[in-house]
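To start, the structure under review is shown below, and the notes come after it.
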Amino acid sequence: MTYCVGLLLDAGIVLLSDTRTNAGLDNISTYRKMFVFEEPGERVITLLTAGSLSVTQTTLARLREIADDPESTEETSIMKAPTMLKVADIVGAKMAEVRASIDKKIGMTQGTSAAMIVAGQRKGGEMRMFLIYPEGNYIEATEDTPFLQIGEHKYGKPILDRVVTPKTSLKDAQKAVLLSMDSTLRSNLSVGMPLDLAVIHRDDCRVTERRRIESGDDAFREMSEAWSTALRDGFSQISL
């Protein structure tokens, strides 16, 4: 399992993913879940992945192969697509195609599970963010719902519901996603360090800030402890 979250704000995009893949308590591995396709100043596309590694890794490999093909077109390559909506169409169709092929090979009847968050901007276009479902269909982040989550999302959702709006600053947004992840790490062993954090400022069309947060990171630990203290203090001050 994993946990990935993306925020679409007036000031930009904030993305966070863990790296744990769990096939049982005695089989825990680390795999990157955040991937960037970028032509700085022209377009940036980030993908966060959750679910079946065979589906997501094969989908990413094929998307990159097409992006590197000089004969690719606006209909096939996310690096040539005219809009972020078309990017979502391409990613969704490719993931559904890969999923169907793998299911057929292994004889699955109900289908393997996988999902992606696709976020970014092309020069002259709007920032957009989509959640791609296993079947290839998708939903889009909106002003009313400015964040999307995939994987083990239930533990980290309450703080996002309470504090995140489109007007949230990028600095506060980073704090919100990190605390959302901290809540998930404390409640679910299938989500784990290290973490990948990325920030895209509006109209930069590139990843403006990127950070890998390792286990034992002092800043993350201090923030986690401060949040725990604040929650305990707030709880003790509430009377029935």
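Structure notes:
- Number of residues in the range 60-88 that are more than 19 Å from Glu126 (Cα to Cα) and out of contact with any Leu (no Cβ under 9 Å at 6 or more places or on another chain): the value is 14.
- The range 150-160, subset within 17 Å of the chain's Cα centre (by Cα) and not β-branched (Val, Ile, Thr), residue surrounded by the most Cβ atoms within 10 Å (Cβ to Cβ): Gly156
- Some residue of the range 104-120 being among the hydrophobic types (A, V, I, L, M, F, W, C), surrounded by fewer than 22 Cβ atoms within 10 Å (Cβ to Cβ) and within 15 Å of Leu63 (Cβ to Cβ): no
- Residue list for the range 164-187, filter: among the β-branched types (Val, Ile, Thr) and crowded, with 17+ Cβ neighbours inside 10 Å: Val164, Thr168, Val177, Thr184
- When the test is whether a residue is small (Gly, Ala, Ser), surrounded by fewer than 22 Cβ atoms within 10 Å (Cβ to Cβ), closer than 30 Å to Asp103 by Cβ and touching a Gly at 6+ places or on another chain (Cβ under 9 Å), Gly136 passes it.
Conditions tested, residue by residue: (1) in a helix (DSSP H, G or I); (2) of a type in the set (D, E, K, R).
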| position | (1), (2) |
| --- | --- |
| Ile139 | no, no |
| Asp144 | no, yes |
| Pro166 | no, no |
| Val177 | yes, no |
| Asp182 | yes, yes |
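- Within the range 128-150, residues that are touching a residue at least 40 places away in the same chain (Cβ under 8 Å) reach partners that are among the hydroxyl-bearing types (Ser, Thr, Tyr) with beta carbons closer than 7 Å, at six or more positions or on different chains, in the pairs Phe130/Tyr138; Ile132/Tyr138; Pro134/Ser113; Pro146/Thr165.
- Among residues of the range 67-82 being touching a helix residue (DSSP H, G or I) at 6+ places or on another chain (Cβ under 9 Å) and within 18 Å of Thr46 (Cβ to Cβ), the one that is surrounded by the most Cβ atoms within 10 Å (Cβ to Cβ) is Ile78.
Read the figures in this text as sums done on the coordinates, not as results from a lab. Predicted model, so just to flag it, every value in this text is computed and none were measured. Neighbour counts are summed over all protein chains in view; Cβ atoms, including those assigned to glycine, are modelled from backbone coordinates with ideal geometry.
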